[in-house]
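Novice: Structure below; questions to follow.
Derivation of every value follows stated rules applied to the coordinates shown; laboratory data play no part. Because the structure is a prediction, the values reported are computed rather than measured. Note that we place each Cβ from the backbone using ideal geometry, even for glycine, and neighbour counts take in every protein chain shown.
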Amino acid sequence: MTIPENPSLADLQVLVGDWNIELRFPNSPSSVMGHASYEWLEDGAFLVMHTGSKQAGTPYSTCIVGRDDVSKPYTMLYFDNRGVSRVYMMSLEGKQWKQWRDNPGFSQRFFGELSDDGNTIRARWEKCEDGKEWAHDFDLIYTRVVK
């Protein structure tokens, strides 16, 4: 296990590795399978997250995660192959993993919980398009493939 050079990112070590992802949408009987990988950039100065597939299926995204050494939330810069570019805040405390962005017209929030052994993450995304009502978007199950 590599310890990141940036001590303010040490809590993210639990995410490093390869993961299979199952996406479940509320009104669909079938699920969509995907992949994610998390790795250190520049010996742990930042965490890089790649999700999805360049070939087909879910959007392919890249995220760069970092943190001010005196602030609690992480900052996550997101970009995907649809041309979507976003900035999220993120936290990982104990087994609770959260991501969120508050933007007029389209806010999002993610809640994930790591299993006791750290090899499964059950999560959900919610969205708010009117600034008032939150709606369930989809569920995810991350299963670790390689640490």
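Novice: Of all the stretches in the chain, which is the longest one without any exposed loop site, taking GluC sites (Glu not before Pro) in a DSSP loop (any state but H, G, I, E, B) with at most 16 other Cβ atoms within 10 Å? Walk me through the numbers on the way to the answer.
Specialist: Working: sites that count: Glu5, Glu129, Glu133.
By the stated rule (loop sites, at most 16 other Cβ atoms within 10 Å), 6-128.
Novice: Excluding Leu92 itself, what net charge comes from residues whose Cβ is under 12 Å from its Cβ, given Lys and Arg +1 and Asp and Glu -1? It would help to have the intermediate numbers written out before the result.
Specialist: Values: positive: Arg67, Lys72, Lys95, Lys98; negative: Asp11, Glu93, Glu113.
Around Leu92, the charge tally is +1.
Novice: Going by how many other Cβ atoms sit within 10 Å of their own, how do Ile21, Ile141 line up, fewest first? Present the calculation step by step, with values, prior to reporting the outcome.
Specialist: On the way: Ile21 19, Ile141 16.
With the sparsest Cβ surroundings first, the list reads Ile141, Ile21.
Novice: Shifting gears a bit: Quick one: Karplus J couplings for the stretch 89-104, per residue in order, coefficients 6.51, -1.76, 1.60, θ = phi - 60°, nearest Hz, x for Gly and Pro?
Specialist: Calculated HN-Hα couplings, in order: 9, 8, 9, 9, 10, x, 9, 9, 10, 10, 9, 7, 8, 10, 10, x Hz.
Novice: Quick one: Arg82, Arg144, fewest Cβ neighbours within 10 Å first, how do they rank?
Specialist: Values: Arg82 9, Arg144 17.
Ranking Arg82, Arg144 by Cβ neighbours within 10 Å, fewest first, gives Arg82, Arg144.
Novice: Which of Ser30, Ser53, Ser107 moves the most in a Gaussian network model of the chain with Cα springs under 10 Å?
Specialist: Ser30
Novice: Can you tell which of Asn119, Asn27, Asn103 shows the greatest fluctuation in a Gaussian network model of the chain with Cα springs below 10 Å?
Specialist: Sorting by GNM fluctuation, first place goes to Asn27.
Novice: Within a 10 angstrom radius of the beta carbon, how do Lys98, Lys72 rank from fewest other beta carbons to most? List each step's numbers first, then the result.
Specialist: Numbers: Lys98 17, Lys72 10.
Listing Lys98, Lys72 from fewest to most nearby Cβ atoms yields Lys72, Lys98.
Novice: Report relative contact order for the chain in percent, whole number only (criteria: Cα-Cα under 8 Å, sequence separation at least 6).
Specialist: Numbers: 342 pairs, mean separation 28.9, N = 147.
Value for the chain: 20 percent.
Novice: Now a separate question. Taking springs between alpha-carbon atoms closer than 10 angstrom, which of Trp134, Trp97, Trp125 fluctuates most in the Gaussian network model of the chain?
Specialist: Maximum fluctuation in the GNM of the chain, among the listed residues, is at Trp134.
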